[in-house]
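Please treat every number below as a calculation from the coordinates, not as lab data. Bear in mind the structure is a predicted one, so any value in this text is a computation, not a measurement. Note that each Cβ is placed from the backbone with ideal geometry, even for glycine, and that neighbours are counted across all protein chains shown.
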């Protein structure tokens, strides 16, 4: 329970009064630095968890709270090393809880508050604590840990299991005698609000609510602006290399931008569209090698586990090689992200997105209602995907499957951009069916790239004198495994595509995106 | 959820001290621990400064799930709860005999599965219907042994009971407690016994004034003497115990 107190309250006098009237014992006051930890994309919050680090001389606690209060708080010892990746934690209950939620993401302090806390204890004649009251003053820090501003002082009541009566008496006193009202927000929420933020204020997913009748040009700019915001929010984490997912989300937002620019045709001025398409393609190129290295490092344990026990340690030099190259690629990428070209891209693109006045000669479909554009673009891309998919046969070259994957991605992005224009359940089901196909195509392509990359790495490692004969033997064995998996993915393709291209799915696509037209997508054969 | 019993047929072997310190160390690491003081003498309950009283007594605990949940008390240590002792526990044998099942205790603990990671049963000495229930309900038994002939004799009795009842002997984990290195007999037994009983735990707890002081301080040894030899030995014993529990 938490009660807000007046800003000008004299906490010492209030504490003294409470102690006298309620037979409480004052414990030593503490000045605590409190960090509210989560991943950048709020993975703990999404799992109903609030993780709070409390640091004061002689007081080091890591509190694991469930935001729905469905079970009591857990207290963990604070690890010696700075909190970051779950993988770096010692084996134990904290790692067991954090690892599946965080995966590859790093814990960051979403909010920092300095609290002056005066604990007051209610004890029985045996000296057993029945409940604790904390009188607290708070100072909020901003993201840079610089600006400090006060938050309202508060009183919290910590109940102890099995001592309900003591708790009820205390609450009755606070609410009926002192006329305090319980707060329905947490300190963490209050702090975020003061910074103009809220819990869960970042997600890499495209969540837009679009208006079907608005001109397509206006909607497209809204989509592009949202993607650009996501990109910019990941920029600093990408440059600092906080964790691999900042770059991943930065790249996905860029790829979606490219896709929106090229797929939503004849809506925005073509000359500028062409320029930005090429500039965002450049952005994809300069960030690609670092992402590749990140992916190999993320998958490293998976690779190791494919090998027999005897060969596993032999693969370690590959990790050394990947780590080293990840660092150098990261440095190269950071240089590019600090270049004039990138700064110009941002400046010009911001100006482009802010254009509101219609051009003198607007593109043909600029004024067309959004829904019509969405229907047309999704239907057309869907037909292309089906056509390309049906042309695939067991001997088709890997490039054909790669092209099909790219078309699938374009379709998925379009469906995600315009999702809010369609009944939620219907479009979700279709995106899901597409995801299943994409998963297979993604696997196939990744395995193709990885096998070739491993061959390239082996050459480079020899030149750089990293690894022994056993290392190359292990890498060879790994290539064989990856190749086997790739063959399996190819075998599975026919089945996955048939499931995507079945009558029910086809009708559903038609029903949702091509209802008005007489022509329809013919079934296979 | 793992259930661990701290048990010996013989009393005065350091059972309660071990149970309290193991529970404290497990909770300090972030495990959710429930400590059940099954001994009507209520020594552990006294250490935790909690009243040795359970509403409805032992009968209530074994008849209704809510009685068990209502009786749990939070201790002064994070993540560590206590199911207190009650004078009615002296009649537990009678209650359990009425239940006619040696897995009644296991059934009672079932609803706590999601709430706790570890349940520690601090058992009274003697061999009884309750002990049999403890053996069935526990994943493992830690048996404190003072390195004396008499103590080893009672350990043999426990092994014989397990053999007779066809229970799994690998779940019995003896360790030495109250070891006085100045005594030759203690040194000899500590050296020879693990060869005869390979399941013996590596860490031994020395005879210690600090452990005796737990009664006076009414708290685990780590909370008032975290660097004394006994606390260091308990740290080692806990590390070994945690590994064994993980590998069960």
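What number, in percent, do you get for the relative contact order of segment A:2-194 if the mean sequence gap of Cα pairs under 8 Å and at least 6 apart is divided by its residue count?
Working: 339 pairs, mean separation 47.3, N = 193.
Answer for segment A:2-194 is 25 percent.
How do B:202-212, A:496-506 rank on mean C-beta neighbours within 10 Å, highest first? It would help to have the intermediate numbers written out before the result.
Working: B:202-212: 17.7, A:496-506: 15.9.
Answer by packing, highest mean first, reads B:202-212, A:496-506.
Find the centroid of the Cα atoms in segment A:328-379 and in segment A:5-82, then give the distance between the two in whole Å.
45
Roughly how crowded by other chains is peptide B:76-87, in terms of the mean Cβ count from those chains within 10 Å of each of its Cβ atoms?
Working: counts 7, 1, 8, 7, 1, 4, 2, 1, 1, 0, 0, 0.
That average works out to 3.
Assign one of three labels to chain B, namely rounded, prolate or oblate, based on the Cα gyration tensor with a ≥ b ≥ c the square roots of its eigenvalues; rounded applies when a/c is under 1.5, prolate when it is not and a/b is larger than b/c, and oblate otherwise.
Numbers: a/c = 1.68, a/b = 1.25, b/c = 1.35.
Since a/c reaches 1.5 but b/c is at least a/b, the shape of chain B is classed as oblate.
Is the shape of segment A:67-158 rounded, prolate or oblate, going by the alpha carbon gyration tensor and its root eigenvalues a ≥ b ≥ c, with a/c under 1.5 for rounded and a/b larger than b/c for prolate? Could you put the intermediate results ahead of the total?
On the way: a/c = 2.46, a/b = 1.26, b/c = 1.95.
Here segment A:67-158 falls in the oblate category.
Suppose only helical runs count, i.e. DSSP H with n ≥ 4. What mean residue ellipticity at 222 nm does that imply for chain B under -39500 (n - 2.57) per run, divided by all residues and rounded to the nearest 500 deg cm²/dmol? Please list the in-between numbers first.
Working: 12 runs with 116 residues, N = 248.
Mean residue ellipticity at 222 nm (helix-derived): -13500 deg cm²/dmol.
Work out the FRET efficiency for residue A:27 and residue A:426 from their Cβ-Cβ distance, taking R0 = 45 Å, and round it to the nearest 0.05. If you can, show how the numbers build up before the last one.
On the way: r = 59 Å, r/R0 = 1.31.
Calculated transfer efficiency: 0.15.
So what's the back-of-envelope 222 nm ellipticity for chain A, counting only DSSP H runs of four-plus at -39500 (n - 2.57) apiece and dividing by all residues, rounded to 500? All intermediate terms of the calculation are to be shown ahead of the outcome.
Values: 16 runs with 285 residues, N = 525.
Dividing the helical sum by the residues of chain A leaves -18500 deg cm²/dmol.
By counting other Cβ atoms within 10 Å of each Cβ, how are A:9, A:264 ranked from fewest to most? Could you put the intermediate results ahead of the total?
Numbers: A:9 15, A:264 25.
With the fewest neighbours first, A:9, A:264 line up as A:9, A:264.
For helix A:398-417, what angle does its Cα long axis make with the longest principal axis of chain A, in degrees from 0 to 90 and rounded to 10?
50
Using only the alpha-carbon atoms, how far is helix A:340-354 inclined from the longest principal axis of chain A? Give it as 0 to 90 degrees, nearest 10.
90
Just want the ordering: A:273, B:190, from fewest to most Cβ atoms lying within 10 Å of their own Cβ. The partial results should precede the final answer.
Working: A:273 20, B:190 16.
Ordered from fewest to most neighbouring Cβ atoms within 10 Å, A:273, B:190 come out as B:190, A:273.
With 10 angstrom as the radius, rank A:85, B:176, A:188, A:417 by how many other C-beta atoms surround their C-beta, starting from the fewest. Walk me through the intermediate numbers first.
On the way: A:85 16, B:176 24, A:188 20, A:417 27.
The most exposed by this proxy come first: A:85, A:188, B:176, A:417.
Nearest 0.05, what FRET efficiency do residue A:69 and residue B:209 give at R0 = 45 Å with Cβ-Cβ as r? Working shown, then result.
Numbers: r = 43 Å, r/R0 = 0.96.
Working from the Cβ atoms, E equals 0.55.
Mind checking A:88-97 for the average number of partner chain beta-carbons within 10 Å of each residue's beta-carbon?
Numbers: counts 0, 0, 1, 3, 5, 8, 2, 1, 3, 1.
That average works out to 2.
Can you tell me, using C-alpha contacts under 8 Å and at least 6 residues apart, the relative contact order of chain A as a whole percent? Kindly include the intermediate steps, with their values, before the conclusion.
Numbers: 668 pairs, mean separation 64.7, N = 525.
Value for chain A: 12 percent.
Viscosity 0.692 mPa s, temperature 37 °C: give me the Stokes-Einstein translational D for segment A:196-247 in µm²/s, with Rh taken as the Kirkwood radius over C-alpha pairs.
On the way: Rh = 12.8 Å.
Taking Rh from Cα pairs, D becomes 257 µm²/s.
Assuming R0 = 30 Å, what is the FRET efficiency of residue A:354 and residue A:149, from their Cβ-Cβ distance, to the nearest 0.05? Before the final figure, lay out each step's value.
Values: r = 32 Å, r/R0 = 1.06.
After rounding, the FRET efficiency stands at 0.40.
Grab the eigenvalues of the alpha-carbon gyration tensor for the protein assembly as shown, scale each by 5, take roots, and send me the semi-axes largest first in whole angstrom.
The three semi-axes for the protein assembly as shown are 59, 35, 26 Å.
Gain in length, residue A:335 to residue A:139, computed as 0.36 nm per residue apart minus the alpha-carbon separation, to one decimal in nm? Can you show the working numbers first?
On the way: separation 196, 0.36 × 196 = 70.56 nm, distance 3.75 nm.
In short, 66.8 nm is gained.
Please compute, for peptide A:161-167, the average count of beta-carbon atoms on other protein chains lying within 10 Å of each residue's beta-carbon. Please report the intermediate quantities before stating the final value.
Working: counts 7, 12, 3, 1, 0, 0, 0.
That works out to 3 on average.
Report the extension gain between residue A:59 and residue A:91 in nm, rounded to one decimal, defined as 0.36 nm multiplied by the number of residues separating them, less their alpha carbon distance. Could the numbers behind the result be given before it?
Working: separation 32, 0.36 × 32 = 11.52 nm, distance 2.28 nm.
Result for the pair: 9.2 nm of gain on full extension.
Tell me, what is the percent relative contact order of segment B:1-142, built from C-alpha pairs under 8 Å that lie six or more residues apart?
On the way: 265 pairs, mean separation 61.0, N = 142.
43 percent.
Pairing the Cα long axis of helix A:11-22 with the longest principal axis of chain A, what angle in degrees results, from 0 to 90 and rounded to the nearest 10?
Helix A:11-22 and the main axis of chain A meet at about 60 degrees.
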